[in-house]
Amino acid sequence: MKKSKKSSSVSGQKKAKKSVSEKGNLNVERSRLKRQVSDLGKNRNHLRDTVHQQADELKIKNGQIKKWADKERLAEEQIYIRTKAMDSTADGIFIIDAQKKDFPIIYYNQSFQTMTGYAKKDILGRNYFLLYGADADPRIAKEIKNTLRQEKSFYGEMLNFRKNGEKYWNYLRIAPVRDASGVVTHYVGIQTDVTLMRQRDFEIKEQREELLHVTRVGKLSEFVSSLAHEISQPLTAILSYAQAAQRILAGPPTEQAERELQLQEILQYIVNDDQRASEVIRRLRALLKKSDPEFISIDMNALISETVVLMTTDVTVRNKVIKTELHSKLPIIRGDRIQLQQVLLNLISNSLDAMESNDESRELVIRAFRKGPKTIMVEVKDSGCGIPAQNMKKLFKHFFTSKPDGLGMGLSISRSIIEAHGGQLEAKNNPDGGATFYFTLPVVLSKSKGKRIPNDQS
């Protein structure tokens, strides 16, 4: 029995120890599990923070990618719009590679192809200057090349030829394109077809010449009686000389020597008057002839004197006097003789009309003198009624006239002629009455200064 109780006690102790050991192991396991759970929690939180961080980074990167995509799309749209805009413009646009010596074209728009008439294969990579055509002026191409080699811009109007040989005028602008360091990498060119503008300018020029001719003829018609007298006077003299010669020939044969001397003198008179009549007709024909302007060297004094001679009879009929004060050795000017004479005729005629209503106004003075080293001035001064203040600003406008039967074109045309010659035409009232019309012209050939020569013609 005792033995049994003893074994039972030992067994109980073992069980108790085992229970304590198991409890200890369980606590250890629980601690371990708690640590694992804690670690898992920390890992989960770290993972969550990492996921959130990466998600935020992805959002930022997605935003950046979207911005980049938007920028790229916008850039593509801008490139497309610019390309379409350049293709839509009527101007021919092209780009030349400046790094290569043969000036190859690396870009062109549709208008450039249409304007030149060349196909795509004939343009891209080809020397720009080969597109000018065989008949183009080589001097212009050389000038453009020299300008580009100096890395400068070129501007100019030139005649060009399409592939089929058709002519066209274009206004060309070529400018260098530089990189960030200032090196010229390309040349961009723009050429505008101005053929229609040229044709219109030519038509306007023809119409202007027609108008000049019509007004010139109209002005001459006002002096028809004067011109008829200028022609009939030498013809009448020739008739008188011829009749005198007939009478001499019918005289006694004993005065043969004296008769020959008289006949020689009469024949010389006939020749002189014939030449005089021929000169009047020549001047008339020149004024009436419709021709293109011809700029030549002109002695202004001689032109003024010639114009005064044409109007001498008309001036006499009106009971007026023309005085000329012409500076001797006046410098030569360059211009169209007929057009400048038309200006003089118009100014003299207007001055005579202004003096018509006043019998006391008889004197008209024409002066020509030097105004500085590079200019001469011509004045037509009358003693008429003067110019009303309200008309002064309108004087040179088209269709303005103070005459009942006037067209209002004479002064405006005269001003345009003088301006085309590089001068100016103005008017002013004189302090002592009447008005003065005066114009300037640039000097071409310089001559020595001289005195003023008064010359009265009535």
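The values are calculated or read from the model by the stated rules, or taken from the named source; none is laboratory data. Remember, predicted model here, so these are calculated numbers, not experimental data. Note that each Cβ is placed from the backbone with ideal geometry, even for glycine, and that neighbours are counted across all protein chains shown.
Output the residues belonging to region 86-142 that are of a type in the set (Asp, Glu) and either in contact with a helix residue (DSSP H, G or I) (Cβ under 7 Å, 6 or more places away or on another chain) or farther than 22 Å from Val177 by Cα (or both). Reasoning before the result, please.
Of the residues in region 86-142, the ones of a type in the set (Asp, Glu) are 87, 91, 97, 102, 122, 135, 137.
Result: Asp87, Asp91, Asp122, Asp135, Asp137.
Table: residues versus (1) part of a strand (DSSP E or B); (2) farther than 24 Å from Met197 by Cα.
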residue: Ile96; (1), (2): yes, yes
residue: Gln113; (1), (2): no, no
residue: Asn146; (1), (2): no, yes
residue: Asn170; (1), (2): yes, no
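Any residue that is of a type in the set (D, E, K, R), closer than 17 Å to Lys101 by Cβ and either modelled with pLDDT of 90 or more or not in a helix (DSSP H, G or I) (or both) - is there at least one of those in region 161-168? Working first, answer last.
Just the residues of region 161-168 that are of a type in the set (D, E, K, R), to begin with: 162-163, 166-167.
Filter once more, keeping what is closer than 17 Å to Lys101 by Cβ: none.
Within region 161-168 (the criterion being of a type in the set (D, E, K, R), closer than 17 Å to Lys101 by Cβ and either modelled with pLDDT of 90 or more or not in a helix (DSSP H, G or I) (or both)), the answer is no, since none of the residues qualifies.
Restricted to region 127-172, and to residues that are within 13 Å of Met115 (Cβ to Cβ) and surrounded by fewer than 12 Cβ atoms within 10 Å (Cβ to Cβ), which residue is nearest to the chain's Cα centre (by Cα)?
It comes out as Glu166.
For region 175-196, name all the residues that are within 14 Å of Lys145 (Cα to Cα) and without any contact (Cβ under 8 Å) to a residue 60 or more places away in the chain.
Selection gives Ala175 alone.
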